[in-house]
Amino acid sequence: MPISVPVVRTGNIVTPQSVPPNAVGLSVASNNYVFDTTDDFFDPGIAPRLGSNVLSTPLVVPARFAGMHYHVQRPTVTYSVARNIDVAGCMWFAVAPAGRGLYDWTTLDAFVAAAAAGGRDVIFNFLGTPAWASARPSEPGHYGAGSDAEPASVADIGAFAAAVCSRYVALGTPIVAFEIWNEPKYADGGGVAQGNYFTGTPQALAAMARAISRAVKAVDPAALVLSPAPTGLEFAWVAGDGSGTDNLDRFLGAPDGSGGNGSDWVDAIAFHAYSHNGYNNVFAIPQMVANVRRCMALHGLTGRPVWITETSAITPALATYVAQHQQDYIARTLLLALGCGVERVVWYAWDDPLGFANQPVVAARWDALVAQLAGATLSLVNSLGTFQVAAIVDGVRVLV
């Protein structure tokens with residue numbers, strides 16, 4: 001509780017009788033100074049002048065919440081989720097470069113086997129259409145000509161989904177989750193732009209979701225199908241604003257060409273928790289999650305899991321921060337995301353400027369955070385006006 005301290009008047013000078021050693025702010029009420037202290041940071045009913053409560057009800061953090069991407073160098077830190085995006089040889093265009101039904105499993109086999117050996121779950125994302133399957137094979141793309149377009153025939157992506165799912169079920173290393181696409185912004189049938197990984201329409205994406213879900217569930221009913229993961233969700237959503245929230249809404253409501261909508265084919269919602277304001281506003285994560293949940297409610301998906309399948313400090317890159325600031329940024333990201341009820345948080349990426357492969361102190365902090373949070377009870381998470389996060393983890397106060 002705030003501490004009320006009587007004033008002392010000496011002529012025209014007014015001072016507090018004393019100052020609490022943990023004071024962080026003050027206001028004046030009648031003949032008293034009212035000091036806020038660090039204890040007030042941990043109040044579930046935190047005063048708006050100090051911050052806001054992110055966690056409405058205590059929750060248990062999933063034991064396998066933490067994930068890590070990599071390109072070449074396998075992470076040496078603790079993590080339970082691996083995702084195939086940007087691992088050479090592990091995406092659709094690389095597994096099936098030569099044509100329909102012609103697969104080179106070599107690199108993907110090694111990726112899945114390494115994840116399984118470490119007891120990790122795999123998210124397989126279908127980004128990157130091979131040129132032979134592309135609806136626009138000559139269109140420039142992030143992963144080669146035609147790669148940002150939908151397939152000309154959704155049967156091709158359905159067949160590939162069935163092949164991937166079947167292979168790893170048969171090998172005893174089933175893939176846990178299949179993510180329909182990566183950061184779609186929709187060019188509605190043409191044109192490539194940096195940051196837009198899908199140049200088709202929401203309707204095309206919904207048709208792909210139907211094909212993928214039906215193929216996967218026929219092989220492994222326990223596998224999860226994740227929504228395409230949008231980015232750019234940090235501001236309050238206004239329908240039609242072209243934000244990541246809007247892109248998610250358009251997919252979920254899009255007709256799939258067979259009487260359903262995109263929302264009919266997803267078990268969980270994925271999104272990317274990047275702040276694009278140039279200052280890496282990690283404190284926007286609660287707004288991002290609120291936007292996602294608003295979309296889910298509009299499309300009858302309330303209560304489904306929410307996963308962050310990519311996050312980091314992106315503009316500027318995490319590597320530009322000093323080590324202590326990297327540690328703080330990571331801790332705030334995890335606490336805010338988990339406090340909002342996100343079930344998986346996958347960092348992007350261990351061995352590039354958004355990661356910390358060359359920062360052993362930061363890596364050690366990641367390991368300590370994962371050990372502290374996995375399976376723990378979060379009873380409070382407050383986002384503070386001091387640009388910090390206050391949390392109570394298994395009864396222990398944490399301030400970062």
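Data for the structure
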| quantity | calculated |
| --- | --- |
| Segment 52-109, residues that are among the aliphatic types (A, V, I, L, M) and over 24 Å from Trp181 (Cβ atoms) | Val54, Leu55, Leu59, Val60, Val61, Ala63, Val77 |
| Verdict on Trp366 being buried (at least 23 other Cβ atoms within 10 Å of the Cβ), assigned to a helix (DSSP H, G or I), assigned by TED's automatic domain parsing to the domain that holds Ala270 and not charged (D, E, K, R) | yes |
| Residue within segment 42-57 that is aromatic (Phe, Trp, Tyr), surrounded by fewer than 21 Cβ atoms within 10 Å (Cβ to Cβ) and at pLDDT 95 or above present | yes |
| Criterion: modelled with pLDDT of 95 or more, aromatic (Phe, Trp, Tyr), within 28 Å of Arg210 (Cβ to Cβ) and surrounded by fewer than 22 Cβ atoms within 10 Å (Cβ to Cβ) - qualifying residue of Trp237, Trp307, Trp265 | Trp237 |
| For Gly172: the one exception among (1) assigned to a loop (DSSP other than H, G, I, E, B); (2) buried (at least 16 other Cβ atoms within 10 Å of the Cβ); (3) modelled with pLDDT of 95 or more | (2) |
| Residue among Ala155, Ala187 that alone is among the aliphatic types (A, V, I, L, M) and either surrounded by fewer than 17 Cβ atoms within 10 Å (Cβ to Cβ) or modelled with pLDDT of 95 or more (or both) | Ala155 |
| Helices (runs of 4 or more DSSP H) wholly inside segment 226-345 that include at least 2 residues being within 17 Å of the chain's Cα centre (by Cα) and of a type in the set (A, V, I, L, M) | 285-298, 323-339 |
| Test: Val19 is buried (at least 21 other Cβ atoms within 10 Å of the Cβ) and among the β-branched types (Val, Ile, Thr) | no |
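The values are calculated or read from the model by the stated rules, or taken from the named source; none is laboratory data. Worth saying up front: this structure is predicted, and the values here are computed from it rather than measured. Note that we place each Cβ from the backbone using ideal geometry, even for glycine, and neighbour counts take in every protein chain shown.
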